[in-house]
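The block underneath contains the structure these notes are about, expressed in structure tokens.
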Amino acid sequence: MSDSDDSKVARGEYGPVDTPVRPTTNPRAEYPARCLRGHQMQVAGTQAGWSVLDHTETRTCRLCSCLRDPRATWSLVDVTKQQLGDTGLHGGHIRLEVFPPAVRGGVGRIQLRRYGRVVGDVDMAACGPCGRAVLEHIRVDEDCRRRGYGRVLLAATLVRAPASQFTWSTTKLADSVEVQAFWSVVEFPGTLGTPSYCTDMQRANDTLA
Ligand SMILES: [Zn+2]
Ligand SMILES: [Zn+2]
């Protein structure tokens, strides 16, 4: 993103910088049944658009838009598009950056960058031969919560280790309302709170310890 683009972002010329996001594996075909407020889109009306800021397709609920709801429009983040490594401060738009583990069964990371800033990340261990995957930790910056970043990060991990090939679990969940709220709205195809490590993961952990 160029300097002039940055100042336009600051002035809000491209729209609000805190537009909610939702994950997708096929942006063009993504026409959800309900908007972020729960309206039936078939009744409320859907408008497809494009976010210059995020460089993604958007969907708008016409009813929410008429009601001037700030959550009327959301950006569709294609979680199948993941880049290797750090794209740095000039990694404009919205992007997923992947840091694979150094050893089999080790912990890798996916981070979400929006307008140059890393807003959240997820740590995961996956072992292909054993078909196991453990979500270690998912984190979103405190001032950027309730926008869907956690959902995008979770969907991105499930692209790397699909539930059809991996048995998923998570480490013990933190005992907080926010953590509960997150896990109660997302679909997780595995066991929450009880990690199931394979011997490769244990060995990789021991090496690091
Ligand atoms: Zn709506
Ligand atoms: Zn293994």
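The values are calculated or read from the model by the stated rules, or taken from the named source; none is laboratory data. As the structure is a prediction and not an experimental result, all values here were calculated from the model. Every residue, glycine among them, receives a Cβ derived from its backbone with ideal geometry; neighbour counts consider all protein chains shown.
Observations on the model:
- Number of residues in the stretch 31-77 that are in contact with a helix residue (DSSP H, G or I) (Cβ under 9 Å, 6 or more places away or on another chain), of a type in the set (Lys, Arg) and in a loop (DSSP other than H, G, I, E, B): the value is 2.
- Single match in Arg132, Arg109, Arg114 (criterion: surrounded by fewer than 18 Cβ atoms within 10 Å (Cβ to Cβ), touching a strand residue (DSSP E or B) at 6+ places or on another chain (Cβ under 6 Å) and not assigned by TED's automatic domain parsing to the domain that holds Met41): Arg109
- Residue count, the stretch 79-94 (criterion: surrounded by fewer than 20 Cβ atoms within 10 Å (Cβ to Cβ) and on the phi < 0 side of the Ramachandran plot): 11
- Residue satisfying condition, being among the charged types (D, E, K, R) and within 18 Å of Leu154 (Cβ to Cβ), within set Arg59, Arg104, Arg117, Arg109: Arg109
- Residue match in the stretch 108-122 (condition: within 16 Å of ligand 2 (Cβ to nearest atom), without any contact (Cβ under 8 Å) to a residue 60 or more places away in the chain, at positive phi and of a type outside the set (Phe, Trp, Tyr)): no
- With respect to the conditions (1) surrounded by fewer than 21 Cβ atoms within 10 Å (Cβ to Cβ); (2) touching a helix residue (DSSP H, G or I) at 6+ places or on another chain (Cβ under 7 Å), Met124 falls short on a single one, namely (1).
- Filtering the stretch 37-49 for residues that are at pLDDT below 95 and either closer than 16 Å to His93 by Cβ or aromatic (Phe, Trp, Tyr) (or both) leaves an empty set.
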